[in-house]
Ligand SMILES: [Zn+2]
């Protein structure tokens, strides 16, 4: 279910997934299939972790990686949920077919440097 709410986003973000919603900054983004699929991967991750555990792990990992990388953008890109979503967002069947808790495989992957 897609909602359009322009004013909740910091300038660098266009979309947000909070099960069962995908929230977009603007209506035109509905046609960005890769962005929508990225957010659908997050919806699956949230379901697999009974919603609340997704956000607990996401926030914990983000705070840990802020300490490690000292750059919010780099910390965000190295969150396991984001790595899984970014690395598979072009495979448009991935959200439907992904293995259970596959984000775990991304936790200790070699960190991105950009
Ligand atoms: Zn994401």
Subject >> Test: residue 110 is loosely packed, with under 15 Cβ neighbours inside 10 Å, farther than 22 Å from residue 13 by Cβ, without any contact (Cβ under 8 Å) to a residue 12 or more places away in the chain and more than 16 Å from the ligand (Cβ to nearest atom) >> reply: yes
**OP:** With the checklist (1) crowded, with 19+ Cβ neighbours inside 10 Å; (2) not in a helix (DSSP H, G or I) in hand, flag the one item residue 99 doesn't pass.
**Re:** (1)
**OP:** Would you mind telling me which numbered condition in (1) part of a helix (DSSP H, G or I); (2) more than 16 Å from the ligand (Cβ to nearest atom) residue 84 fails?
**Re:** (2)
Original post:
All but one of (1) within 14 Å of the ligand (Cβ to nearest atom); (2) at pLDDT below 95; (3) surrounded by 12 or more Cβ atoms within 10 Å (Cβ to Cβ) hold for residue 89; which doesn't?
Top reply: (2)
Original post:
Can you name every residue in region 24-48 that is surrounded by fewer than 19 Cβ atoms within 10 Å (Cβ to Cβ), more than 14 Å from residue 89 (Cα to Cα) and either without any contact (Cβ under 8 Å) to a residue 40 or more places away in the chain or touching a helix residue (DSSP H, G or I) at 6+ places or on another chain (Cβ under 7 Å) (or both)?
Top reply: 25, 26, 27, 28, 29, 30, 31, 47
Original post:
Based on what the data block shows, is residue 77 within 11 Å of the ligand (Cβ to nearest atom) and surrounded by fewer than 18 Cβ atoms within 10 Å (Cβ to Cβ)?
Top reply: yes
Original post:
Taking residue 58 and the conditions (1) more than 12 Å from the ligand (Cβ to nearest atom); (2) more than 18 Å from residue 35 (Cα to Cα); (3) surrounded by 18 or more Cβ atoms within 10 Å (Cβ to Cβ), which numbered condition does it fall short on, given that it satisfies the others?
Top reply: (1)
Subject >> Among residues of region 1-54, those that are over 24 Å from residue 99 (Cα atoms), more than 15 Å from the ligand (Cβ to nearest atom) and either at pLDDT 95 or above or not in a strand (DSSP E or B) (or both), counted >> reply: 10
Original post:
Is there a residue in region 98-112 that is modelled with pLDDT of 95 or more and closer than 27 Å to residue 6 by Cα?
Top reply: no
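The values are calculated or read from the model by the stated rules, or taken from the named source; none is laboratory data. No experiment lies behind these values; they were computed from the predicted model shown. Positions of Cβ are backbone-derived with ideal geometry, glycine not excepted, and every protein chain shown enters the neighbour counts.
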